[in-house]
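Encoded as structure tokens, the structure appears first; notes follow it.
The values are calculated or read from the model by the stated rules, or taken from the named source; none is laboratory data. These figures come from a predicted structure and were not determined experimentally. Reconstructed Cβ throughout: ideal geometry from the backbone, glycine too, with neighbour counts over all protein chains shown. Areas reflect the complete protein model, heavy atoms only, side chains present, ligands, DNA and RNA absent. Shrake-Rupley method; radii C 1.70, N 1.55, O 1.52, S 1.80 Å.
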Amino acid sequence: QVQLVESGGGLVQPGGSLRLSCVASGTSFSFFVMGWYRQAPGKQRELVAAITSGGSTNYGDSVKGRFTISRDNAKNTVYLQMNGLIPEDTAEYYCKGVYLTRNYWGQGTQVTVSS
């Protein structure tokens, strides 16, 4: 049974930083493509960033240059470093793992950017 557990969300002022973590269990994590998605109220879920098993990365246009995705296979963990946060980044952030044809999701962590 694959489980993904996110942490690190919270309330931050505009311009601030947060680091999200997603720990995977019950899986060969190093083979997974991992990603972060977010969903704001009334909006569709969108890709924030993704990282392959080899370390190649991809970012949504709205976060390029501000967010960085990374992974530590020894710790079964993927991170999302978020800098220069703006109110439009407010959303529920979800971790996703993909292996072959299977998709796995975490339960989400809320990020709120507000003064």
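What the table below lists for this structure:
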| read-out | value |
| --- | --- |
| Kirkwood-type radius of the chain, with distances r between different C-alpha atoms, in Å | 14.0 Å |
| Loop-located trypsin sites (Lys or Arg not before Pro) in region 23-76, at most 11 other Cβ atoms within 10 Å (DSSP) | LYS43, LYS64 |
| Choice from SER17, SER70, SER28 with maximal GNM fluctuation in the chain (Cα, 10 Å cutoff) | SER28 |
| Region 73-104 versus region 1-28: alpha-carbon centroid distance in Å | 7 Å |
| Carbon/sulfur fraction of accessible area - region 21-80, other protein chains in place, 1.4 Å, % | 48 percent |
| Gaussian network model of the chain, springs between alpha carbon atoms under 10 Å - residue of THR101, THR52, THR68 with greatest fluctuation | THR101 |
| FRET efficiency for SER62 and GLN107, using Cβ-Cβ distance with R0 set to 22 Å, rounded to 0.05 | 0.40 |
| Per residue value of the accessible surface for the chain (all protein chains in place, 1.4 Å probe), Å² | 53 Å² |
